[in-house]
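A.B. asks: Questions regarding the structure given below will be posed in turn.
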Amino acid sequence: MAGILFIISAPSGSGKSTIVNQLRSLVAGLEFSVSWTTRGPRGSEVDSREYHFTTREYFEEMIRNGEFLEHAEVFGALYGTARSTLRAAFAQGRDLLLDIDVQGAAQVRQKCPEAVSIFLMPPSPEVLATRLRNRSRAEGDANEKKIERRLAKAKQEIENYREYDYILVNDVLDRAVEEMAAIVAAERIRRNGANGTPDGQRALELAERCRTANSEDRIRPVLEAFGVRKE
Ligand code: 5GP
């Protein structure tokens with residue numbers, strides 16, 4: 001039986017990698033897709049662990065050969081999910097988590113309508129700006145223009161939140177991780193049959209509260225702070 005495809009998207013600097021890394025130790029049977037990219041490795045990144053780093057020429061050849069489920073250009077570099085990554089995960093009976101941007105998420109939704117998509121929001125532009133500044137300082141690249149560009153892009157990405165099945169707000173890290181784990185558990189229960197255990201019930205209730213349609217009150221202040229119009 002094919003596994004479940006989870007998608008997580010978030011503006012750059014929302015703390016997505018931290019959440020995804022914590023999820024790894026909490027949730028069994030969930031594979032993390034390693035994307036291809038033409039950008040260079042950052043900090044302690046290792047080839048084929050964080051990304052498959054490659055050249056634009058090779059990436060474009062992969063596009064021509066139809067090797068990508070989706071691909072997009074983000075901040076001047078190409079990123080893509082190889083079809084072979086999905087095949088390998090599902091052949092082993094594992095679910096797969098794709099950490100991709102909003103353009104890639106839209107492509108996957110079209111090709112795999114059963115995919116479950118999650119949008120992670122930073123709590124405010126101020127928190128996002130602080131995280132972006134800390135990260136670029138740690139990487140020895142404190143460039144205000146780059147930070148301004150990422151903040152503007154964050155607003156554009158947040159405008160797409162309604163396309164996603166679930167919304168998380170990364171104000172309290174542990175809570176966001178717990179909600180993410182609950183969404184995975186709830187979707188597994190939904191697809192594999194009823195689960196009457198107290199843990200299962202709790203996951204279903206928590207995940208339900210994170211559904212986009214049920215999150216309006218929680219995300220209203222975030223949308224207002226980013227100047228995103230609701231309608
Ligand atoms: P970063 O360079 O900071 O690791 O990632 C920049 C953006 O590219 C993030 O929003 C990340 O989700 C997105 N991204 C990473 N891999 C892929 C991919 O395979 N496809 C798409 N469409 N976006 C990706």
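A.B. asks: Looking only at region 71-78, decide whether some residue is within 7 Å of the ligand (Cβ to nearest atom), at positive phi and touching a residue at least 12 places away in the same chain (Cβ under 8 Å).
C.D. replies: Yes - at least one qualifying residue is present in region 71-78.
A.B. asks: What about R190, is it within 26 Å of F90 (Cβ to Cβ), surrounded by fewer than 19 Cβ atoms within 10 Å (Cβ to Cβ) and either touching a helix residue (DSSP H, G or I) at 6+ places or on another chain (Cβ under 6 Å) or of a type in the set (K, R) (or both)?
C.D. replies: Values: within 26 Å of F90 (Cβ to Cβ): yes; surrounded by fewer than 19 Cβ atoms within 10 Å (Cβ to Cβ): yes; either touching a helix residue (DSSP H, G or I) at 6+ places or on another chain (Cβ under 6 Å) or of a type in the set (K, R) (or both): yes.
In short, yes.
A.B. asks: Enumerate the pairs (first residue in region 104-116 and closer than 21 Å to L168 by Cβ; second residue anywhere and part of a loop (DSSP other than H, G, I, E, B) and of a type in the set (F, W, Y)) with beta-carbon separation below 6 Å, excluding pairs fewer than 6 apart on the same chain, so at least 6 apart or on different chains.
C.D. replies: Within 6 Å, no pair qualifies.
A.B. asks: For region 114-131, how many residues are buried (at least 21 other Cβ atoms within 10 Å of the Cβ) and in contact with a Gly (Cβ under 8 Å, 6 or more places away or on another chain)?
C.D. replies: Matching residues across region 114-131 total 3.
A.B. asks: If I filter region 2-14 down to residues being more than 10 Å from the ligand (Cβ to nearest atom) and at pLDDT 90 or above, which single residue comes out as farthest from I167 (Cα to Cα)?
C.D. replies: If we filter region 2-14 for residues that are more than 10 Å from the ligand (Cβ to nearest atom), which is where we start, we get 2-6.
Narrowing further to those that are at pLDDT 90 or above: 3-6.
Values: G3: 22, I4: 18, L5: 16, F6: 13 Å.
Only one residue tops the list, namely G3.
A.B. asks: For region 84-91, state whether one or more residues are closer than 30 Å to I147 by Cα and either free of Cβ contacts under 8 Å to residues at least 24 places away in the same chain or within 12 Å of the ligand (Cβ to nearest atom) (or both).
C.D. replies: Of the residues in region 84-91, the ones closer than 30 Å to I147 by Cα are none.
Scanning region 84-91 turns up no residue that is closer than 30 Å to I147 by Cα and either free of Cβ contacts under 8 Å to residues at least 24 places away in the same chain or within 12 Å of the ligand (Cβ to nearest atom) (or both).
A.B. asks: Restricting the search to region 38-70, which residues are basic (K, R) and away from the ligand (no atom under 11 Å from the Cβ)? If you could, list the steps in order and put the result at the bottom.
C.D. replies: Here is the first cut: in region 38-70, the ones basic (K, R) are 39, 42, 49, 56, 64.
Of everything in region 38-70, those that are basic (K, R) and away from the ligand (no atom under 11 Å from the Cβ) turn out to be R49, R56, R64.
A.B. asks: Which ones in region 92-119 are part of a strand (DSSP E or B), among the β-branched types (V, I, T) and within 8 Å of the ligand (Cβ to nearest atom)?
C.D. replies: Applying the first criterion (part of a strand (DSSP E or B)) to region 92-119 yields 95-99, 116-119.
So of that shortlist, the ones also among the β-branched types (V, I, T) come out as 116, 118.
Passing the criteria: none in range.
A.B. asks: Can you report the number of residues in region 1-59 which are more than 14 Å from the chain's Cα centre (by Cα), open to solvent by less than 60 Å² (accessible area, probe 1.4 Å) and β-branched (V, I, T)?
C.D. replies: Looking only at that region, the number is 5.
A.B. asks: So if I check each of K145, K111, which one is modelled with pLDDT under 95, open to solvent by 10 Å² or more (accessible area, probe 1.4 Å) and among the basic types (K, R)? Full working, then the answer.
C.D. replies: Working: K111 fails: modelled with pLDDT under 95.
Within the list K145, K111, the selection yields K145.
A.B. asks: Same structure, new question: From the list R87, R42, which residue is part of a loop (DSSP other than H, G, I, E, B) and either out of contact with any His (no Cβ under 7 Å at 6 or more places or on another chain) or not acidic (D, E) (or both)?
C.D. replies: Values: R87 fails: part of a loop (DSSP other than H, G, I, E, B).
Going through R87, R42 in turn, the sole match is R42.
A.B. asks: Turning to a different aspect of this structure: Out of contact with any His (no Cβ under 6 Å at 6 or more places or on another chain) and modelled with pLDDT of 95 or more: does that describe T18?
C.D. replies: Details: out of contact with any His (no Cβ under 6 Å at 6 or more places or on another chain): yes; modelled with pLDDT of 95 or more: no.
When the stated conditions are applied, T18 does not pass them.
A.B. asks: In region 197-216, which residue that is at pLDDT 95 or above and of a type in the set (D, E) is nearest to the chain's Cα centre (by Cα)?
C.D. replies: Checked region 197-216; the qualifying residue nearest to the chain's Cα centre (by Cα) is E208.
A.B. asks: Can you go through A72, A88 and tell me which one is over 19 Å from the mean Cα position of the chain (by Cα) and open to solvent by less than 70 Å² (accessible area, probe 1.4 Å)? Walk me through it before giving the result.
C.D. replies: Working: A72 fails: over 19 Å from the mean Cα position of the chain (by Cα).
Every option except A88 fails the conditions.
A.B. asks: How many residues, within region 214-223, are in contact with a Lys or Arg (Cβ under 9 Å, 6 or more places away or on another chain), without any contact (Cβ under 8 Å) to a residue 60 or more places away in the chain and not polar (S, T, N, Q)?
C.D. replies: 3
A.B. asks: Restricting the search to region 148-187, which residues are open to solvent by 40 Å² or more (accessible area, probe 1.4 Å) and either closer than 14 Å to I8 by Cα or among the polar types (S, T, N, Q) (or both)?
C.D. replies: Q156, N160, R162, E163, D165
The values are calculated or read from the model by the stated rules, or taken from the named source; none is laboratory data. Computed from a prediction, not measured in an experiment: that's the story for all the values here. In this analysis, Cβ positions are derived from the backbone assuming ideal geometry, glycine residues included, and neighbour counts consider all displayed protein chains. Note: areas computed on protein heavy atoms with side chains; ligands, DNA, RNA excluded. Shrake-Rupley method; radii C 1.70, N 1.55, O 1.52, S 1.80 Å.
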